[in-house]
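Notes follow once the structure below has been shown.
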Amino acid sequence: MQLWKQNGLDLHLTRYAVLATSSDVGMIQVVTNAMTACKIQKAHGGALTGALKNSPLVNWIQEQNPNRE
């Protein structure tokens, strides 16, 4: 993330903890009050066709971030 910021790209990302316990198993930090992509697509694109469209996610991100920056 620092590399992006040094190059003028502040993507407002948050890191979360990841712990590998073997080559294909591990644990990740729980993100409370998070909304899944599936839930966003269903709410903004319809229960049956939302997952097939790109615009529900884009629309949700724009609603959550009204300032273009």
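The values are calculated or read from the model by the stated rules, or taken from the named source; none is laboratory data. Just so you know, these numbers come straight off a predicted model, no measurement behind them. FYI the Cβ positions are ideal-geometry reconstructions off the backbone, even for glycines, and counts take in every protein chain you see.
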Only one of Gln2, Gln6, Gln41 is over 20 Å from Asn65 (Cβ atoms) and at pLDDT below 85; which? Gln2
Which one is modelled with the highest pLDDT among residues in segment 44-61 that are surrounded by fewer than 11 Cβ atoms within 10 Å (Cβ to Cβ) and not in a loop (DSSP other than H, G, I, E, B)? Ile61
